[in-house]
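Okay, so here's the structure we're looking at.
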Amino acid sequence: MTIKIITDSGSDLPQEYIENYDVTIVHLPVHFNHERMPEDTDTQTFYHKMRESKELPTTASPSPMEFLQKFKEVEPGTDILVISMSSNISSTYQTAVIAKEMYEEEGHPNAIEIVDSKHFSGGLSLIVAMAAKWSRTSSSLLELKEKVTQYSKEVDAYFTLDTLENVIKGGRLNRLSGAVASVLNIKLLLKISDEGTVEVVEKTRGLPKALTKLLSHLEEKQHDYEKAVIAIVHSNCEKLALEIKARILEKHPFKEVLFSSMGPVMGTYAGEGGIGVAF
């Protein structure tokens with residue numbers, strides 16, 4: 001059976017997956033002051049605009065109507081699986097649930113299931129990519145939902161940021177502590193917790209050490225390289241991300257690498273120079 005996959009723009013899913021598997025993206029609105037950024041804004045333009053702006057852009061959850069519209073566009077007879085970013089960092093999951101109730105109340109025929117991935121960016125990208133592949137062979141929507149839910153629990157995601165400016169501006173780090181960390185060239189190694197929140201794993205001096213620590217966590221899991229897939233995301237630092245990709249594949253020959261740039265939603269909080277991996 002055919003199952004339609006829908007996710008949100010916090011997934012940073014590579015464009016080729018969107019096209020090859022016909023994945024629908026529901027965009028979270030991003031505003032610079034009171035101006036909503038067009039959904040088709042490319043990442044280079046976004047990062048340039050953010051660099052020039054005194055204030056951070058702001059993000060919000062999409063409205064239930066935006067999800068509802070995407071549900072209505074799916075042809076009759078095609079069930080829908082929505083995979084959202086973590087409900088503990090965004091209300092996008094709850095918005096999708098409301099839209100599902102509206103869709104059912106209107107009497108539309110397709111079944112809808114919604115998965116709270118407890119991830120975002122690279123982790124969510126990886127989960128959505130695998131779900132898209134599995135959707136071609138799954139015998140039922142509930143079977144696919146169960147498989148995706150279980151896989152979400154198994155994915156590990158780590159990232160490090162080159163600058164703390166955005167997390168300070170965004171109020172996610174004490175301004176004084178952040179200023180001290182910046183002066184001392186302290187880099188934070190972060191991971192996505194089981195609850196889908198961001199937690200600090202380690203503090204290091206300098207980005208090279210932080211990246212080495214990040215890559216060391218690949219050793220913590222057994223990988224079946226004939227099947228295993230890894231996601232690598234970066235916030236406008238493609239050259240560095242390609243170097244990290246080469247370092248990973250030299251030691252860990254993953255069958256496939258999902259490589260993408262963080263879009264405006266995740267880039268707002270990461271700032272430029274961030275690297276994330278999910279496996």
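The values are calculated or read from the model by the stated rules, or taken from the named source; none is laboratory data. Every value quoted in this text rests on a predicted model; they were computed, and no experiment measured them. In this analysis, Cβ positions are derived from the backbone assuming ideal geometry, glycine residues included, and neighbour counts consider all displayed protein chains. SASA here: full protein model, heavy atoms, side chains in, ligands and nucleic acids out. Shrake-Rupley method; radii C 1.70, N 1.55, O 1.52, S 1.80 Å.
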Charge tally in the Cβ shell below 10 Å around Lys4, where Lys, Arg are +1 and Asp, Glu are -1, Lys4 excluded: -3
Solvent-accessible heavy-atom area per residue, rounded to whole Å², over the chain at 1.4 Å: 48
From phi via Karplus (6.51, -1.76, 1.60), per-residue ³J(HN,Hα) for the range 9-18 in Hz, x at Gly/Pro: 6, x, 7, 6, 5, x, 4, 5, 6, 4
Net dipole in debye of the range 222-279 [+1 Lys, Arg Cβ; -1 Asp, Glu Cβ; about Cα centre; nearest 20]: 60
q = 0.06, 0.07, 0.08, 0.17 Å⁻¹, the chain: log10 I(q)/I(0) [Debye, one scatterer per Cα]: -0.18, -0.25, -0.33, -1.41
Gap separating the Cα centres of the range 5-25 and the range 146-162, nearest whole Å: 17
The chain, accessible surface, carbon-and-sulfur percent (1.4 angstrom probe): 49
Relative contact order [Cα under 8 Å, 6+ residues apart], the chain, whole percent: 23
Three principal axis lengths of the range 176-279 [C-alpha, angstrom, descending]: 47, 29, 28
Spatial separation of Cα centroids for the range 81-128 and the range 199-239, in angstrom: 27
Beta bridge orientation in the chain: antiparallel %, DSSP, nearest 5: 55
For the chain, with +1 on Lys and Arg beta carbons and -1 on Asp and Glu, the positive-most of Ser139, Val198, Ile98 along the dipole: Val198
Kyte-Doolittle at least 1.0, axis length at least 15 Å by Cα - qualifying DSSP helices, the chain: 122-134
Relative counts (whole %) of C-alpha pair distances in the range 206-261, using bins that are 5 Å wide: 4, 17, 29, 28, 15, 5, 1
Charge tally in the Cβ shell below 10 Å around Trp134, where Lys, Arg are +1 and Asp, Glu are -1, Trp134 excluded: +2
